[in-house]
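Below is one structure, written out as structure tokens; comments come after it.
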């Protein structure tokens, strides 16, 4: 969880006195706020929900063709703002170890932000720029199409709350790898519906990517389990219903 600015905790304690209930999107965030002085009895955990869309026939092939990815290539994708928080430099640092074992892997980074030039320079310096595709900013629906067309999704963040992009990747049945930050362990059951690594650990990240490439059946099962986890616990209908219940309870 990101360290709070000095003014945030006292402001949050002050405003919490005006609220009957305060909605947070993970137990990890609730614990973080309680440690900062927020009243635990007012904090209600409401997990994010995502729409489960079905990829249209031919969409995967169209997206990969647009990105210049051949049928036999393996596509490893990440998505997010190109900012220190998202840990993209560690994602790039993991790439050479993967390429030392598998030459037919391409790495797609979807998003834009202040670190874009720095990350491009890093890939160039490591002599892997030809293996990294920077898509730039993409609308939400296009970002989901790209994620859905990948073979593996990676979230290398240094800090998070409950990352929607991880839920979106899981809802598409992608085998996912995420850093152990924020509410990630409330989403991923490590080894069952995804894999968890330490933040800022390119070595662990590359090892998990290699493992998923080498164990295709296990990766497929993991992706199916991920889709089912989101369907049961992180769907939009559940989030809306629980939001209504929270508001009704606050009005009593």
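What list do you get for 71, 189 if you sort them by fewest beta carbons within 10 Å?
Listing 71, 189 from fewest to most nearby Cβ atoms yields 71, 189.
Order of 34-41, 96-103 by packing, highest average Cβ count within 10 Å first?
Packing order, densest peptide first, comes out as 96-103, 34-41.
Taking the 0 to 90 degree range and rounding to the nearest ten, how far is the long axis of helix 88-99 tilted relative to the main principal axis of the chain, both from C-alpha atoms?
Tilt of helix 88-99: around 30 degrees.
Considering all alpha-carbon pairs of region 104-252, what whole percent are spaced by more than 19 angstrom?
Working: 6420 of 11026 pairs.
Summing the P(r) of region 104-252 above 19 Å gives 58 percent of all pairs.
Relative to the longest principal Cα axis of the chain, at what angle does helix 236-251 sit, 0 to 90 degrees, rounded to 10?
Computed tilt is about 20 degrees.
Once fully extended, how much extra length lies between residue 241 and residue 117, figured as 0.36 nm per residue of separation less the alpha-carbon to alpha-carbon distance?
That pair, residue 241 and residue 117, stretches by 40.3 nm at full extension.
At 0.36 nm per residue, minus the direct Cα-Cα distance, what do residue 100 and residue 159 gain on full extension? Give it in nm, one decimal, please.
Extra length available between residue 100 and residue 159 comes to 18.3 nm.
Fewest Cβ neighbours within 10 Å first, please rank 93, 178 accordingly.
Ordered from fewest to most neighbouring Cβ atoms within 10 Å, 93, 178 come out as 93, 178.
Rounded, prolate or oblate: which fits the chain, taking a ≥ b ≥ c as square roots of the Cα gyration tensor eigenvalues, rounded meaning a/c under 1.5, else prolate when a/b beats b/c?
Prolate.
Using only the C-alpha atoms of region 168-220, find the volume of their convex hull and express it per residue in Å³.
Values: hull volume 3.8 nm³, N = 53.
With only Cα atoms used, region 168-220 gives 71 Å³ per residue.
Using alpha carbons only, how many angstrom separate the centre of region 172-198 from the centre of region 52-109?
Cα centroid of region 172-198 versus Cα centroid of region 52-109: 17 Å apart.
When 89, 168, 217 are ordered from fewest to most other Cβ atoms inside 10 Å of their Cβ, what list results?
217, 89, 168
Show me the ranking of peptides 144-157, 195-208, 110-123 by mean Cβ neighbours inside 10 Å, starting with the highest. Write out the running numbers ahead of the final one.
Working: 144-157: 24.6, 195-208: 19.1, 110-123: 16.6.
Highest mean packing first, the order is 144-157, 195-208, 110-123.
Could you work out how far apart the two model spin labels at residue 27 and residue 59 are, taking each label as a point 7 Å from the Cα in the direction of the beta carbon, and quote it in nm?
A separation of 3.3 nm, rounded to one decimal place.
Coordinate-derived values only; no laboratory data. What you are looking at is a predicted structure, and each value in this text was computed from that prediction instead of being measured. No Cβ is skipped: glycine too gets one built from the backbone with ideal geometry, and neighbour counts run over all protein chains shown.
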